[in-house]
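Colleague: Just dropping this structure here.
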Amino acid sequence: MDFDFKVKTASERAKVEDLFDYEGCKVGRGTYGHVYKARRKDGSDTKDYALKQIEGTGLSMSACREIALLRELRHPNVINLIRVFLSHNDRKVWLLFDYAEHDLWHIIKFHRAAKANKKPVMVPKGMVKSLLYQILDGIHYLHSNWVLHRDLKPANILVMGEGPERGRVKIADMGFARLFNAPLKPLADLDPVVVTFWYRAPELLLGARHYTKAIDIWAIGCIFAELLTSEPIFHCRQEDIKTSNPYHHDQLDRIFNVMGFPLEKDWEDIRKMPEHPTLLKDFKRSNYSNCSLVKYMDRHKIKPDSKSFHLLQKLLLMDPNKRITSEIAMQDPYFQEEPLPTQDVFAGFAIPYPKREFLTDDDQEDKSDKNNTRPNQQNNGGQGGGGQSEQGSSHGHSGPNAKRVRLSHPGGGQQPQAPPDFHQSMMFQRPYPLSSIKYNPSNKRNKDKNKKIYLPMQ
Amino acid sequence: MAGNFWQSSHYQQWVLDKQDLIRERQQDLSVLSDEEYQKIFIFFSNFIQTLGEQLKLRQQVIATATVYFKRFYARNSLKCIDPLLLAPTCIFLASKVEEFGVISNSRLITTCQTVVKNKFSYAYTQEFPYRTNHILECEFYLLENLDCCLIVYQPYRPLLQLLADIGNEDQLLALAWRVVNDSLRTDVCLLYPPYQIAIGSLHIACVVLQKDLKSWFAELNVDMEKIQEIVRYIVSLFELWKTYDEKKDIQALLAKMPKPKTQPSR
C-alpha cells in the first residue's frame with residue numbers, strides 16, 4: 001500500500017471522536033456492541049444521535065450486511081443509517097443513526113410495572129394500533145426489498161421521542177443475523193447467531209431450514225399480543241436449549257398451551273417438517289384440548305369478536321402458508337375502525353415513558369436482572385453464548401431478560417444445490433481458465449404491487 | 001436484496017460518466033497506453049475469477065468482487081494499492097456481503113498462494129507476498145473508497161427476465177450469460193446500468209447465433225444508442241483477445257505498471 005496514499009486518506013478521514021461528544025453517554029450494550037447517545041461537537045445542530053460501536057474489531061459478516069443493507073434502505077419506519085466511521089487505528093466500526101428515545105421492550109416493561117403497582121398509564125387509545133400499523137409498514141418495505149428481519153422482538157422496535165419524528169416507529173437490526181444452512185464451515189468462521197425463542201415461529205422450532213417472510217409475521221403477531229396484554233404471549237423458561245438443535249420442546253409446549261395443538265387439516269405440511277417425528281413422540285394432542293387463542297386472549301380481556309383479535313389470529317396462524325402477509329394485514333378492518341392509527345403513536349399526548357438512562361462502565365458485565373419487572377425471568381447465562389447480558393437495548397437485540405444462545409446449526413440440512421454451471425466465456429479459445437458458474441433461474445423474486453391504503457393520520 | 005435499482009447507491013453513485021473515468025485515470029494513462037491499461041484489468045479480472053472459482057464462490061460473488069475492484073481504481077491510481085492485494089480483498093468483502101459466508105483468512109491466503117503459483121506463474125515468479133493483516137488493512141481502505149456502497153446489481157437477473165420474455169431459449173441464455181461474464185473485462189459495469197448490459201449481451205448472443213429478434217428488440221423501451229455502445233465495448237474486447245497473448249506480454253505490463261511506494265517520497 002502506498003505511503004502517500006495512506007497519508008492523504010488519513011488527513012481527509014473524519015474521526016468520530018472529533019465530530020461527536022458521546023463520552024459517558026452509553027445507553028445500550030450487548031452482543032452487538034455499544035450504543036451511545038451523541039451530540040455534534042461543532043453545534044451545527046443540537047439533535048441527539050445514536051452512535052453504535054460494533055462489537056469486536058474489523059468487519060464481521062453481520063457488520064458488512066448491516067452496512068450494505070442500511071446503505072440502500074430508506075423508509076420512515078426503518079432505522080436510517082446516516083454515516084459510517086472506520087477507525088483505522090483500533091479497527092473499530094462506528095455507525096451513526098438518528099436517536100430513538102424509546103423501544104417496545106422498555107415501553108412494555110413500563111406498562112407491566114404500572115400494572116403491578118395498580119397505577120394506570122395514560123396513553124392514547126389507538127397507540128397499539130398505530131404501533132402495529134407502522135411495524136407492518138416497515139416490514140412490508142423490507143419484505144418487498146426481499147430483506148428478512150429474522151430477529152424481530154420488542155427490543156428491536158424503536159420509537160422516536162420528542163422531535164420532528166415524534167412517536168414514529170423505527171425497525172432496527174434487520175437481516176443481519178443469518179441462518180447457516182450447513183455445517184460446512186467450522187463454527188469459528190461464522191458469526192454467532194444470537195436468538196431468543198419467544199418470538200420464533202413454530203416452523204422454525206420444528207426445523208424449517210429457511211427464513212421466510214412468514215417467520216417475521218409470526219414475530220409481529222407475538223409483539224402485537226404483547227402490546228395488547230403486556231405479557232410475552234409465548235413466554236417460556238429457556239434453560240435447556242440445545243444450541244445445535246432448532247427443536248425446542250418447552251417453547252413448543254408453551255405455544256400449544258396458548259394456541260392448542262395444530263390440527264392436520266389446519267397445517268397440512270406439518271408432516272413434512274424435519275422435526276415432525278419428534279413432535280409426535282413428545283406431545284399428546286389431548287393435553288392441549290382445552291387451549292385456544294380465543295381463551296388465552298379472553299383471559300387478558302381481549303374479546304374474541306374484536307377486530308384486534310381477528311387480526312391477531314391471522315398473524316398467529318400456525319401454518320406459515322396461511323399466515324397473513326404484511327401487505328394484506330395493513331388493509332385489515334382493524335386499521336379502518338376508530339380510533340384510526342396515527343403517525344405519532346402518542347397522538348400528540350405527553351409521552352409517559354422515561355428517557356433512556358446512561359449506563360456506567362462499572363456494571364458492564366451485569367449478570368443479574370435485578371431491575372427487571374418480568375416474572376419467571378431467567379438469568380442470562382446462555383449456553384455457548386458466553387453469557388453476555390444486555391442493557392439498555394437501544395438499537396440492540398433482545399431485551400435484557402431474554403436468554404440468548406448461540407445457534408450454530410438450526411437447519412440441520414444442506415442448502416439446495418444450484419443447478420449446474422454455465423461456461424464462462426463466449427470466446428471459443430478462452431484466454432483464462434474455464435470456470436464453473438452457478439446460476440439459479442428458478443430463483444424468482446416476488447413482484448411487489450406496493451398497494452397501500454390511505455389512512456388519515458392525525 | 002432485490003430492491004429498487006433506481007433508488008440504489010449503484011444507480012445514484014456508481015453509474016459513472018465516461019469523461020470522468022478518463023480524467024480519473026490520467027495519472028495511470030501517462031505511464032500506460034489505453035490498451036495496456038485495459039490488459040492489466042483483464043489480467044486482474046481473470047485473477048479474481050480464478051480465485052473465486054478456487055474458493056467455490058457463486059458467479060454473483062465473483063462479479064461483485066470484480067465490480068468493487070474496478071470501482072476502486074475508477075477513483076484511484078494503480079499505485080495507491082497493489083492490485084494483487086486489492087483483488088483478494090475484494091473477494092473477501094464480496095463474500096461477506098453476498099452472504100456466502102466468511103472465508104477464513106488462512107484459506108484465502110493459502111488459495112492466493114496456490115493460484116499465483118499454479119495458474120499465474122507466467123506473471124509472477126515470486127510467491128504471493130501478502131498476509132492476513134495486509135488484507136484486513138486493505139479492506140478498510142476499500143470500504144472507504146466504495147463509500148460503503150456494497151450492494152451491486154448484476155446483469156444476470158435482468159438477463160433471465162429478458163429470456164423468460166423471449167421464451168425458452170437455452171442456447172441463447174447460455175451464450176448471453178457468457179457474454180455478461182466477459183463484459184466484466186470491460187468498463188461497461190462502471191458506465192451502464194446492468195439491465196442495459198444484459199440487453200447488450202443478449203444482442204451479441206443473437207448475432208453470434210444468427211437469431212433474428214429485431215422486432216423483439218424494437219419493442220424494448222431502451223436507449224438503443226446505449227446498447228450499441230455496450231456492444232462496441234464488448235466486441236472490441238473480443239477483437240483485442242484475438243491477437244493478445246497474455247502469457248507472453250503480462251510480465252512486461254506488470255513491470256511497467258505504477259506501483260506503491262511503502263516509504264515516504266522525498
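Colleague: List A:Lys295, A:Lys272, A:Lys37 from most exposed to least, where exposure is judged by having the fewest other Cβ atoms within 10 Å.
Modeller: The fewest-first ordering by Cβ neighbours comes to A:Lys272, A:Lys295, A:Lys37.
Colleague: Taking other Cβ within 10 Å of each residue's Cβ, how do A:Glu203, B:Glu239, B:Glu53 sort, fewest first?
Modeller: B:Glu239, B:Glu53, A:Glu203
Colleague: If the elastic network links every pair of Cα atoms under 10 Å, which of B:Thr243, B:Thr114, B:Thr132 fluctuates the most in the Gaussian network model of chain B?
Modeller: B:Thr243
Colleague: Under 10 Å, Cα contacts only: if you run a Gaussian network model on chain B, which one of B:Gln60, B:Gln19, B:Gln196 comes out with the highest mean-square fluctuation?
Modeller: Fluctuation is largest for B:Gln19.
Colleague: Any idea how far apart A:Ala116 and B:Arg75 come out in nm if each label point goes 7 Å out from Cα toward Cβ?
Modeller: My value for the distance between the label points is 5.1 nm.
Colleague: About the Cα centre of region A:1-147, how large is the charge dipole given +1 on each Lys and Arg Cβ and -1 on each Asp and Glu Cβ? Please answer in debye to the nearest 20.
Modeller: Values: 25 positive and 18 negative charges, 166 e Å.
Here the size comes out at about 800 debye.
Colleague: What dipole magnitude, in Debye to the nearest 20, does chain B give about its Cα centre under +1 on Lys/Arg Cβ and -1 on Asp/Glu Cβ?
Modeller: Computed charge dipole of chain B: roughly 840 debye.
Colleague: Can you give the FRET efficiency for A:Trp146 and B:Lys56, using 1/(1 + (r/R0)^6), R0 = 25 Å, r = Cβ-Cβ distance, to the nearest 0.05?
Modeller: That gives a FRET efficiency of 0.55.
Colleague: Could you tell me which of the pairs A:Lys92/B:Lys96; A:Lys92/A:Lys170; A:Lys153/A:Lys281; A:Lys115/A:Lys301 are separated by over 20 angstrom between their Cα atoms in the structure shown?
Modeller: Flagged as over cut-off: A:Lys92/A:Lys170; A:Lys153/A:Lys281.
Colleague: Ok, one more. Need one number: convex hull volume per residue for region B:97-253, Cα atoms only, in Å³.
Modeller: Per-residue hull volume (Cα only) is 164 Å³.
Colleague: What average number of partner chain Cβ atoms lie no more than 10 Å from the Cβ of the residues making up B:88-99? Present the calculation step by step, with values, prior to reporting the outcome.
Modeller: Details: counts 0, 0, 0, 0, 2, 3, 1, 2, 9, 7, 3, 7.
Shielding by partners across B:88-99 averages 3.
Colleague: Could you give me the ³J(HN,Hα) list for region B:41-57, computed from phi with Karplus coefficients 6.51, -1.76, 1.60 and θ = phi - 60°, whole Hz, x at Gly and Pro?
Modeller: 6, 4, 4, 6, 4, 4, 4, 4, 4, 5, 4, x, 5, 4, 8, 6, 7
Colleague: Taking amide H positions as placed 1.01 Å from N in the peptide plane, with prolines and chain starts having none, which residues 5 or more places from A:Asp103, or on another chain, fall under 5 Å of its amide H?
Modeller: A:Val159
Colleague: Rounding to the nearest 10 and keeping the result within 0 to 90°, find how far the Cα-based axis of helix B:246-256 lies from the longest principal axis of chain B.
Modeller: Helix B:246-256 sits at roughly 50 degrees to that axis.
Colleague: So what are the ³J(HN,Hα) numbers for region A:208-214, from phi and the Karplus equation (6.51, -1.76, 1.60; θ = phi - 60°), rounded to whole Hz, Gly and Pro as x?
Modeller: Ordered by residue, 3J(HN,Hα) equals 3, 8, 10, 6, 9, 4, 4 Hz.
Colleague: Suppose each label sits 7 Å from its Cα in the direction of the beta carbon; what would the B:Asn118-B:Ile166 distance come out to in nanometres?
Modeller: Placing both labels 7 Å beyond Cα along the Cβ direction yields 3.6 nm.
Colleague: Kindly express, to the nearest 10 degrees and within the range 0 to 90, the angle between helix B:83-97's C-alpha long axis and the longest C-alpha principal axis of chain B.
Modeller: The two axes meet at around 60 degrees.
Colleague: Determine by what factor the alpha-carbon radius of gyration of region A:12-62 differs from 2.2 N^0.38 Å, reporting the quotient.
Modeller: 1.24
Colleague: Output wanted: per-residue J couplings in Hz (rounded whole) for region B:12-24, from phi through Karplus 6.51 cos²θ - 1.76 cosθ + 1.60, θ = phi - 60°, x for Gly and Pro.
Modeller: Result, rounded to whole Hz: 6, 10, 10, 9, 8, 8, 3, 5, 4, 4, 4, 5, 4.
Colleague: Considering the Cα trace of region A:46-128, what is its radius of gyration and what is Dmax, both in angstroms?
Modeller: 17.6, 53
Colleague: Only helical DSSP H runs with n ≥ 4 go in: add -39500 (n - 2.57) per run for chain B, normalise by residue count and round the 222 nm mean residue ellipticity to 500 deg cm²/dmol.
Modeller: For chain B, the value works out to -21000 deg cm²/dmol.
Colleague: Another question, then. Rank these for me by crowding, A:Ile217, B:Ile109, B:Ile197, going from fewest to most other beta carbons within 10 Å.
Modeller: Lowest count first: B:Ile109, A:Ile217, B:Ile197.
Colleague: Under the rule of at least 5 residues apart or a separate chain, name every residue whose amide H is placed under 5 Å from the amide H of A:Val27.
Modeller: Residues meeting the criterion, in which the H sits 1.01 Å from N, are A:Val35, A:Tyr36, A:Lys37, A:Leu359.
Colleague: Greater than 28 Å separation of Cα atoms is the criterion. Which listed pairs, A:Lys213/A:Lys355; A:Lys15/B:Lys261; A:Lys6/B:Lys248; A:Lys265/A:Lys307, meet it? Don't skip to the answer; put the middle values down first.
Modeller: Details: A:Lys213/A:Lys355 33 Å; A:Lys15/B:Lys261 26 Å; A:Lys6/B:Lys248 34 Å; A:Lys265/A:Lys307 25 Å.
Distance filter (> 28 Å) returns A:Lys213/A:Lys355; A:Lys6/B:Lys248.
Colleague: Here's another thing I want to ask about it. Considering chain B as a Gaussian network with a 10 Å cut-off on Cα pairs, which listed residue, B:Glu169, B:Glu24, B:Glu229, attains the greatest mean-square fluctuation?
Modeller: Top of the fluctuation ranking is B:Glu169.
Colleague: A further question follows. To the nearest 10 degrees, how steep is helix B:170-183 against the longest Cα principal axis of chain B, on a 0 to 90 scale?
Modeller: Helix B:170-183 sits at roughly 40 degrees to that axis.
Colleague: Ok, one more. Sequence-distant or interchain residues sharing an amide H contact under 5 Å with A:Arg168, placed H: which?
Modeller: Distant-sequence amide H within range of A:Arg168: A:Met160, A:Val345.
Colleague: What's the FRET efficiency of A:Asp45 with B:Gln210 using the Cβ-Cβ distance as r and R₀ = 56 Å, to the nearest 0.05?
Modeller: 0.35
Colleague: Something else now. With a point put 7 Å past each Cα toward its Cβ, work out how far A:Asn287 is from A:Glu162 in nm, to one decimal.
Modeller: Reported label-point gap for A:Asn287 and A:Glu162 is 5.2 nm.
Each reported figure results from applying straightforward, stated rules to the coordinates on display, with no laboratory input. This is a predicted model, so every value here is computed, not measured. Heads up, the Cβs are rebuilt from the backbone with ideal geometry, glycines too, and the neighbour counts pull from every protein chain shown.
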